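See structure below.
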There are 2 protein chains.
Amino acid sequence: MDYLYRINLINSCSGYKSANLLGTRSNSGKTNVAVFSSVTHIGSNPPLLGFFIRPTTVMRNTYENIRKTGVFTINHIHESIIQDAHHTSAKYPKNVSEFDMTNLQEEYKNGFYAPFVKHAPIQIALEYKEEYHIKANNTKLVVAQITDLYVDHSILGPDGYADLTKAKVAAINGLDGYTIPVLKDRMEYQRPKKSNAFKK
Amino acid sequence: MDYLYRINLINSCSGYKSANLLGTRSNSGKTNVAVFSSVTHIGSNPPLLGFFIRPTTVMRNTYENIRKTGVFTINHIHESIIQDAHHTSAKYPKNVSEFDMTNLQEEYKNGFYAPFVKHAPIQIALEYKEEYHIKANNTKLVVAQITDLYVDHSILGPDGYADLTKAKVAAINGLDGYTIPVLKDRMEYQRPKKSNAFKK
């Protein structure tokens with residue numbers, strides 16, 4: 001299998017991925033924003049998210065800022081900013097902020113050090129907690145705890161469910177496919193059936 | 001925040017999640033199939049996927065079978081099987097197979113010990129590689145390597161991109177929201193811009 005075929009196939013086959021912009025800021029104040037598709041829910045109490053990072057990629061600026069300042073933001077990618085969001089994957093030198101090279105705008109809230117992405121329908125402030133070195137391929141899992149959460153009220157239900165389909169945020173397919181999901185159904189909590197007489 | 005509000009909110013806020021059925025089989029031959037929303041791409045070479053598991057949940061049957069046999073399958077959830085897929089989250093005793101309590105069907109291929117879900121547009125055979133105990137909330141990250149991959153030819157592009165929107169597979173929002181994504185755009189590989197004169 002050639003290189004590009006392999007990475008397209010393997011990146012597509014795990015299923016849809018979250019589409020997020022990670023915002024960080026160096027100790028000297030230089031901002032950075034980068035697209036990630038590996039942000040994953042780890043637990044609700046405490047509220048933990050994780051993401052995978054390959055230390056050798058362009059995303060290492062994000063990682064270095066997180067390790068030095070202890071904080072970062074996660075911002076959902078609305079369909080209107082897909083082009084700019086994807087452009088943050090370009091390999092800029094460390095002294096160039098992707099906020100300056102796109103129309104993405106920095107926003108600061110409640111004294112949090114790292115920049116949010118303005119107008120993102122969900123903005124999350126996080127603190128670094130732990131990391132794990134994945135031996136199998138020399139990557140890292142970074143685990144972080146949510147400290148503040150800003151959700152557009154128009155998508156938030158009375159039971160706490162944030163309806164991402166109302167927010168028109170993207171889900172990523174593979175390396176470069178941006179999709180917009182449509183709600184099919186919310187399911188009930190499932191209890192065991194008494195019998196399987198229904199089986200076809 | 002009350003319990004249900006918190007878990008709905010925190011489970012929604014990380015973004016869309018993959019929708020997969022994990023198929024396993026005990027040493028004595030009893031099959032198990034369970035819905036997971038935390039399967040994440042870890043790397044392409046070697047081809048690695050990971051998922052998170054809380055040892056105390058109903059999903060521990062899946063984990064026990066994987067540890068004892070070393071293998072499992074990942075199968076994408078087509079929109080036509082969402083009800084049955086979600087039902088696998090019900091707490092059945094260990095001696096009941098979810099294949100018997102739903103219309104999901106087992107399929108065996110190339111002598112692989114664990115069952116695939118028949119008709120799933122993407123079916124993946126995996127071998128257990130490693131696990132990491134996440135101290136922050138006492139969960140585990142399981143890392144596994146893809147050994148075989150079956151992709152419906154109608155969704156596979158010449159460059160290896162598997163178009164999940166053509167396969168009508170689900171993405172999960174929160175604990176119980178099933179969505180069907182629509183392709184918006186595939187983006188080009190991004191190179192740095194020479195100037196930011198375009199800025200609004």
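Descriptive notes on the structure:
- Result for chain B in a Gaussian network model with C-alpha springs under 10 Å: among B:D148, B:D176, B:D159, the largest mean-square fluctuation is at B:D159.
- Candidates A:P47, A:P158, A:P121, ranked by Gaussian network fluctuation over chain A, Cα under 10 Å, top entry: A:P158
- Helix A:3-12 vs. chain A, principal-axis angle (Cα, 0 to 90°, nearest 10): 50 degrees
- Gyration tensor verdict on the protein assembly as shown (Cα atoms; rounded if a/c is under 1.5, prolate if a/b is larger than b/c, oblate otherwise): prolate
- Approximate spin-label separation B:K109-B:K68, in nm, with each point projected 7 Å along Cα-to-Cβ: 2.5 nm
- Shape class for region A:1-58, computed from the alpha carbon gyration tensor (a ≥ b ≥ c): oblate, with a/c not under 1.5 and a/b at or below b/c.
- Cα long-axis angle, helix B:60-69 against chain B (0 to 90 degrees, to the nearest 10): 80 degrees
- Mean-square fluctuations from a GNM of chain A, with a 10 angstrom spring cutoff on Cα atoms, peak among A:L164, A:L49, A:L156 at A:L156.
- Over 29 Å apart at the Cα level, from the set A:K118/B:K129; B:K94/B:K118; A:K109/B:K194; A:K166/B:K166, are A:K118/B:K129; A:K109/B:K194.
- Complex-versus-alone comparison for region B:28-77, residues with a loss of 40 Å² or more in accessible area, probe 1.4 Å: B:T40, B:H41, B:I42, B:S44, B:F52
- Surface burial for A against B, with a 1.4 Å probe and both sides summed, reaches about 8300 Å² of accessible area.
- Computed [θ] at 222 nm, deg cm²/dmol, chain B (DSSP H ≥ 4; -39,500 (n - 2.57); rounded to nearest 500): -4500 deg cm²/dmol
- Summing charges over all other residues whose Cβ lies under 15 Å from the Cβ of A:S26, with Lys and Arg as +1 and Asp and Glu as -1, gives +2.
- For chain A, the solvent-accessible area of protein heavy atoms averages 42 Å² per residue (probe radius 1.4 Å; ligands and nucleic acids excluded).
- Contact order for chain A, expressed relative to its length and based on alpha carbon pairs under 8 Å spaced 6+ residues apart, stands at 24 percent.
- Working note: Karplus 6.51/-1.76/1.60 with θ = phi - 60° gives region B:117-128 the couplings 9, 4, 6, 4, x, 10, 10, 10, 9, 9, 10, 4 Hz, where Gly and Pro are set to x.
- Only protein atoms count toward the accessible area here, which uses a 1.4 Å probe; on chain B, the carbon and sulfur part of that area reaches 49 percent.
- Cα gyration tensor shape for region B:1-142, rounded if a/c is under 1.5, else prolate or oblate: rounded
- Distance (nanometres) between label positions extended 7 Å along Cα→Cβ at A:K194 and A:H119: 5.6 nm
The values are calculated or read from the model by the stated rules, or taken from the named source; none is laboratory data. As the structure is a computational prediction, the values presented were derived from the model and not from experiment. Note: ideal-geometry Cβ built from the backbone for every residue, glycine included; neighbour counts use all protein chains shown. Areas reflect the complete protein model, heavy atoms only, side chains present, ligands, DNA and RNA absent. Shrake-Rupley method; radii C 1.70, N 1.55, O 1.52, S 1.80 Å.
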